[in-house]
Structures are given as structure tokens and as C-alpha cells.
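Below you'll find the structure, written out as C-alpha cells, and then a few comments.
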């Protein structure tokens with residue numbers, strides 16, 4: 001049985017929090033946030049206004065509800081690759097600025113996320 005990548009990330013976040021692993025916590029939280037952002041409803045598919053007294057409001061029970069997008073495992077993997085690349089790029093910039101500690105932290109976060117590919 002294959003575990004959904006998001007479920008695995010959430011489970012590992014709980015483990016990292018119990019272990020007080022700040023590097024893993026930071027990497028996992030931001031990656032889960034990126035996944036949640038990726039699942040956000042496309043603006044083109046958002047409910048439209050009913051033209052009532054409140055600008056942009058929709059009327060009726062559940063009128064403002066819309067299903068979130070569902071990301072495939074490949075989509076999640078692509079987001080993780082992007083998160084890793086962003087951390088490595090930022091780490092290189094921190095190195096260039098002489099901030100080795102921050103660069104090391106970002107590289108450690110990238111290594112945590114590499115385990116999910």
C-alpha cells in the first residue's frame with residue numbers, strides 16, 4: 001500500500017515536532033503549506049458574486065463553497081523538487097553573503113526534503 005505523500009509529510013512533521021527537530025519542522029511545514037497553496041481553487045473557477053449589498057458576496061447556503069484542486073503524487077513531487085531547489089539557491093546566496101550558518105540550515109532542510117523523492 002502506497003502512502004499519500006501529503007499524509008507521509010504530516011506524519012513525519014508530528015514525529016519531528018516530538019523530537020524537536022527544528023530543521024525538519026521548518027522544511028516540512030513550508031512544504032505542506034506549498035502543497036496547500038497548490039490545491040487552492042483557481043480564481044477562474046471561484047463562485048461569482050450575486051450582486052447583493054456586499055461587494056463580492058455570494059448568496060445562498062453553501063454558495064461560496066468550491067472543491068479544492070486535487071494534486072497527483074507527481075504534482076506533489078514537483079512541488080517538493082521546487083522547494084529543494086529554492087532552498088539550495090537561497091543557500092548559495094547566503095554563502096555569497098558570508099552567512100554560512102543560514103546556508104547550512106537551508107541545505108539541511110533540502111536534505112530532509114530529498115528523502116521524499
Open item on the list: With the requirement that a residue be more than 14 Å from the chain's Cα centre (by Cα) and farther than 13 Å from residue 112 by Cα, what does the stretch 16-41 give you?
Closed with: 17, 18, 19, 20, 41
Open item on the list: Of all residues being free of Cβ contacts under 8 Å to residues at least 60 places away in the same chain and in contact with a helix residue (DSSP H, G or I) (Cβ under 6 Å, 6 or more places away or on another chain) in the stretch 98-113, which is surrounded by the fewest Cβ atoms within 10 Å (Cβ to Cβ)? Just the residue, please.
Closed with: 102
Open item on the list: Out of 75, 95, I need the residue that is surrounded by 11 or more Cβ atoms within 10 Å (Cβ to Cβ), modelled with pLDDT of 90 or more and out of contact with any helix residue (DSSP H, G or I) (no Cβ under 6 Å at 6 or more places or on another chain). Which one?
Closed with: 75
TODO: Take the stretch 29-46 and flag every residue that is part of a helix (DSSP H, G or I) and modelled with pLDDT of 85 or more.
DONE: 29, 30, 31, 32, 33, 34, 35, 36, 37, 38
TODO: Answer yes or no: is there a residue in the stretch 92-101 that is under 20 Å from residue 32 (Cα atoms) and part of a helix (DSSP H, G or I).
DONE: no
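The values are calculated or read from the model by the stated rules, or taken from the named source; none is laboratory data. These figures come from a predicted structure and were not determined experimentally. Virtual Cβ from ideal backbone geometry, glycine too; neighbours counted across all protein chains shown.
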